[in-house]
Amino acid sequence: MYPGYFCRHCHAPGLEWVDVTGRGVVYSFTVQHRRIEGRTEADTILAIVELEEGPRLFTNLVGISPNEVSIGMDVVVDFQRDKDDVLPMFRPHSV
Amino acid sequence: MAREPLAVVAGIAETPVGHVPEMTAQEMLLTSIVDAVADAGLTLADVDGLYTAGTRVDHLTTSSSALAEALDLRPRICLTMPIGGMQFTASVYQAAALIKAGIASTIVCACADNPLSSMQREGTVERFAEDAAHPEFEAPYGAAVFSLYALIAQRQMYQYGTTEEQMSMVSVQLRENASRNPKAQKRDSITVDDVMNSPMISTPFRRLHCSLISDGGGAVVVTSADRVKDMLKEPVYLLGAGESRHHLYISQAHDLTYSSASRSSEIALKEAGISASELDFACFYDSYAMMPIIGLEAIGICGSGEGGDFVEDGNIAPDGALPINPHGGMLSYAHPGRSGGWLNMLEAIRQLRREALGVQLSADVGLVQANAGVESGEITLIFGRG
């Protein structure tokens, strides 16, 4: 999920920021083989990660070879600088 | 017919498809509208509604307002419906409802797009990368649209054991269908090995699992069943329609293997008064080879996770239990941007009229499925002969 005006499930307003552990599992992933000019390098790993707390995030996996990724593997957040932004990405995490 | 139809398709038209640099999208639209009305045995004066989809490039000249001006139409309903890949099913669904309500009598729904000529292959890939991901929470990670669909395919394979070979068999069968169609963009036969040795695009999709980039479009004339006596061609009836939404952006899907087509097809089949097993064929939105497999499961012709086996057992071939996309679909016939699914619907109508250009099925009732976004919402239409 991403920040919104109210809860998608109970429609209550007043959502608050809460801390999470940063740990989760890979729900699905794909290795985008081709380089896209001005956007991504070849073999970028795109993933949807399910946090321990439940919400899912779209992200990149880093610190792992594309052929070693599997659905269900444990990952932990790894904040990466991307131009002017800092993006939450995920890397392998042994439980 | 078991039930009173929602509406009737009186006329259709389709432009040249594939690489068509000699026509602009507006020229395709104007030609299609005029030709479809003539095919129906009507005149433009009979048309009181116009739906179009707009295009990515020539959006100023392809809106419903621009086309109404160019044809000097004075429609009571005139709407550009920019809802991605399912505009064609949505516009026919809305047209049928307005006609049923007595608000309009004859509505033309049209769509054409020319990404191959206007943006070329690379430009189209880059443009599509910007469209489908959440601008703040998905797009910064760099996914192209094929990667968003690849996330669905990967999960389907993980969760149900659907194989790359089974997915490749969809590409092979649709190319086989296209090889018998003189108008198809790709007609050279391919094998499962060819598909599985084609360049990797985004795991598990290889190039031959991905739909084409094409130019083309078409139009349909929707009117009420009481106009049948005036028609030149055999009428094709809209027997049922259903819509369902799920999410907009892929990271918000509750279950990547769930398709809203299960709900939209349930509504449409119930309205038509038939079950999935009574369908003679289906035209699925085959943007990627995994999508018809998920579609087969969604409409209930087989169980969840059984779509791959259903394909492997030969059931989607023209002589199978449920032939799909007999013209070759978006994977091999043509995929002209926003009007990609249009050609699937036009094929369904040609099949029921016995006017197929290639494979001609002996079919009385068919299903047309479309989705928008990344499996975000679905519309099902059921068409039948009188």
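Does segment A:56-95 come out rounded, prolate or oblate by the C-alpha gyration tensor, with a ≥ b ≥ c the root eigenvalues, rounded set by a/c under 1.5 and, if not, prolate when a/b is larger than b/c and oblate if not? Since a/c reaches 1.5 and a/b is larger than b/c, the shape of segment A:56-95 is classed as prolate. Where in segment B:21-49 is the amide nitrogen less than 18 Å from a point lying 7 Å along the Cα-to-Cβ axis of B:Arg74? B:43-49, by backbone N distance to the label point. Using heavy atoms of the protein chains and a probe of 1.4 Å, the accessible area assigned to B:His59 is about 100 Å². Classification of segment B:140-223 by its C-alpha gyration tensor yields an oblate form. The axis ratio a/c (a ≥ b ≥ c) is 1.5 or more, and b/c is at least a/b.
Expressed to the nearest 5 percent, the antiparallel share of DSSP beta bridges inside chain B is 75 percent. On the beta carbon distance between A:Arg8 and A:Ile64, with R0 = 41 Å, the FRET formula returns roughly 0.85. Compute the long axis of helix B:261-272 from its Cα atoms, compare it with the longest principal axis of the Cα atoms of chain B, and write down the angle in degrees, 0 to 90, nearest 10. Between helix and principal axis, roughly 40 degrees. Only helices enter the 222 nm calculation for the protein assembly as shown: every DSSP H run of n ≥ 4 contributes -39,500 (n - 2.57), and dividing by all residues gives -8500 deg cm²/dmol, rounded to 500. Surface composition of the protein assembly as shown: carbon plus sulfur atoms hold 49% of the accessible area, using a 1.4 angstrom probe and ignoring ligands, DNA and RNA. Accessible area ranking (1.4 Å probe, heavy atoms, ligands and nucleic acids excluded), largest first, for A:Glu50, B:Glu136: B:Glu136, A:Glu50.
Residue order by solvent-accessible surface for B:Asp72, B:Asp255, B:Asp35, B:Asp286 is B:Asp72, B:Asp35, B:Asp255, B:Asp286, largest first, with ligands and nucleic acids left out and a 1.4 Å probe. Rounded if a/c is under 1.5, else prolate if a/b is larger than b/c, else oblate: which is the protein assembly as shown, with a ≥ b ≥ c the root eigenvalues of its Cα gyration tensor? The shape class here is prolate.
To the nearest 10, the accessible area of B:Ile83 is 50 Å² with a 1.4 Å probe. For the residue pairs B:Lys229/B:Lys270; B:Lys100/B:Lys233; B:Lys100/B:Lys186; B:Lys186/B:Lys233; B:Lys233/B:Lys270, alpha carbon separations beyond 32 Å are given by B:Lys100/B:Lys186.
The values are calculated or read from the model by the stated rules, or taken from the named source; none is laboratory data. Keep in mind it's a predicted model, so treat the numbers as computed, not measured. Cβ atoms come from the backbone with ideal geometry, glycine included; neighbour counts cover every protein chain shown. Only protein heavy atoms, including side chains, enter the accessible area calculation; ligands, DNA and RNA are left aside. Shrake-Rupley method; radii C 1.70, N 1.55, O 1.52, S 1.80 Å.
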